[in-house]
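*Asks:* Please see the structure below; I have some questions.
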Amino acid sequence: TLGDMSFYCTDYSETEDWTAGGRTYQTTISTPEFEATFWGGAWISLIIGGGGWDVLVRGNLTRREDTGQINSSPVSVMSPILRLQYGCRHVIRIPVEDADGDEVRCRWANSSLGECGGVCEAFNGSVLNERKCELRYTANDLTGWYAVAIQVEDYASPTDVSPLSSIPLQFLVNVFDSSASCTRVPEFVSPTREDGSHVVIPSYTTYHERIVVEVTSSPSVSIIEVETVSPPGLRKSEVTRLSELQWYINVTWTPTKSQFGLSFIFCFRATDSAGLSTEQRCIILLPEAPPQVVEVMTTAPTQVVEVMTTAPPQVVTLEVFQIEYVYSTYIICMPDDLH
């Protein structure tokens, strides 16, 4: 047993009634290959499947032949609920990041491997592009709630068939009916960063960002919430009107020393008073590690040399993210702390 499933809250939605957060466990693993799993029950009522859930992560602590380092598993997060309008075509981009720069692919979770409980391949009619980590879906089936269970895996090269590691990603999709046009949903506008952007944050500085949303249906419609899934410590302001059609929030984040040198996915989407939502956008936040000063003794007087390095690996860190409302769990191996 790694520990209980309590977590530190990082995000919540009053509109959709969910909370999200994470917690880190450190443990010593004596075998090169390992699995960590979590199971339970009580999915909300779904169109397909439901009942019990399973999530499972696989890792390998053997040093890689190509890099000489222990593999870093990929990272992925997602808004716990995606709202898709009935009768419209939708593209869901699954955000992924891999510290080693490996090929990352997404596949449907497999019931025979204990990866998805009662929600295996339960998003009927959707098509998954494994190499792009992209779901395409035309919402012409039943309205209601669907669960999506994905495994995100990294490969040393595009031609490899055996993954280095595997992590779970599970979330909910709500297909809802609306009389609005498929093209009249709210939209993110400049200076909001594009989906997939990478932002380098110098050490010991604070990251500032403004996220701006524009309503496209009517000036009487307002933005009621900007939902986020964010790294620990990130703060956001209340939604504020910028102009007749535009609304915004400000976000700030001062990474801690324990977050230096890591990568974090920050996702956000907005909902208007008519119940319509923007696309989900996710950006990668990269807090820089400060240079370490190393004293080098020579025959000459002592010299000070700046060396960029990472802390020596010591233990296995399992970072567990749980969405309380959706009862989904993400388990991520962070091998920057492995030995």
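*Asks:* For region 177-236, give the magnitude of the charge dipole about the Cα centre (Cβ charges: +1 Lys/Arg, -1 Asp/Glu; no others), in debye to the nearest 20.
*Replies:* On the way: 5 positive and 8 negative charges, 51 e Å.
The calculated dipole for region 177-236 is roughly 240 debye.
*Asks:* Report the gain in length on full extension from S112 to V200: 0.36 nm times residue separation, minus Cα-Cα distance, nm rounded to one decimal. Spell out each step's value before the answer.
*Replies:* Details: separation 88, 0.36 × 88 = 31.68 nm, distance 4.05 nm.
Contour length minus the Cα-Cα distance gives 27.6 nm.
*Asks:* Could you rank E97, E153 by how accessible they are, 1.4 Å probe, largest area first? Please report the intermediate quantities before stating the final value.
*Replies:* Numbers: E97 35, E153 10 Å².
Ranked from most to least accessible, the order is E97, E153.
*Asks:* Nothing charged except the Cβ atoms of Lys and Arg (+1) and of Asp and Glu (-1): what's the magnitude of the dipole of the chain about its Cα centre? Round to the nearest 20 debye. Provide the component values of the computation, followed by the final result.
*Replies:* Working: 21 positive and 42 negative charges, 84 e Å.
The calculated dipole for the chain is roughly 400 debye.
*Asks:* Report the charge-dipole magnitude of region 1-43 in Debye, nearest 20, computed about the Cα centre from +1 at each Lys and Arg Cβ and -1 at each Asp and Glu Cβ. Please report the intermediate quantities before stating the final value.
*Replies:* Numbers: 1 positive and 7 negative charges, 46 e Å.
My answer is approximately 220 debye.
*Asks:* Grab the eigenvalues of the alpha-carbon gyration tensor for region 1-87, scale each by 5, take roots, and send me the semi-axes largest first in whole angstrom. Write down the numbers at each step before the final one.
*Replies:* On the way: eigenvalues 201, 56, 49 Å².
They are 32, 17, 16 Å, listed from largest to smallest.
*Asks:* What whole-number value in Å² describes the accessible area per residue of region 157-245 for a 1.4 Å probe?
*Replies:* On the way: 4450 Å² over 89 residues.
Spelled out: the 1.4 Å probe surface of region 157-245, per residue, equals 50 Å².
*Asks:* Considering only protein heavy atoms and a 1.4 Å probe, what is the carbon-and-sulfur percentage of the accessible area of region 42-183? Could you put the intermediate results ahead of the total?
*Replies:* On the way: 2740 of 5940 Å².
Answer for region 42-183 is 46 percent, counting heavy atoms of protein chains only.
*Asks:* Please state the relative contact order of region 1-94 as a whole percent: Cα pairs under 8 Å, 6+ residues apart?
*Replies:* On the way: 87 pairs, mean separation 14.9, N = 94.
Reported relative contact order: 16 percent.
*Asks:* With a point put 7 Å past each Cα toward its Cβ, work out how far R89 is from L242 in nm, to one decimal.
*Replies:* Taking the two extended label points, one gets 2.9 nm.
*Asks:* Roughly speaking, what is the centre-to-centre gap between region 236-276 and region 142-162 when only Cα atoms are used, to the nearest Å?
*Replies:* Using only Cα atoms, the two centres lie 27 Å from each other.
*Asks:* Strictly greater than 34 Å: what percent of every Cα pair in the chain meets that? Display every interim value, and only then the final one.
*Replies:* Numbers: 15636 of 57291 pairs.
Value for the chain (Cα pairs over 34 Å): 27 percent.
*Asks:* Would you compute, for the Cα atoms of region 234-288, the largest minus smallest coordinate along each principal axis and list the three values in descending order, in whole Å?
*Replies:* For region 234-288, the Cα spread along each principal axis is 41, 19, 13 Å.
*Asks:* Lys/Arg Cβ at +1, Asp/Glu Cβ at -1, dipole of the chain taken about the Cα centre: which of S45, N110, V185 is farthest positive-ward?
*Replies:* It is V185.
*Asks:* Please sort by residue number the GluC sites (Glu not before Pro) in region 167-242 whose DSSP state is loop and whose Cβ has at most 16 other Cβ atoms within 10 Å. It would help to have the intermediate numbers written out before the result.
*Replies:* Working: sites: E187, E194, E209, E214, E225, E227, E238; in loops: E194, E238.
Loop-located and lightly packed - E194, E238.
The values are calculated or read from the model by the stated rules, or taken from the named source; none is laboratory data. In this text, all values refer to a predicted model and were calculated from it rather than measured experimentally. Cβ atoms come from the backbone with ideal geometry, glycine included; neighbour counts cover every protein chain shown. In case anyone asks, the SASA skips ligands and DNA or RNA and just uses the protein heavy atoms, side chains included. Shrake-Rupley method; radii C 1.70, N 1.55, O 1.52, S 1.80 Å.
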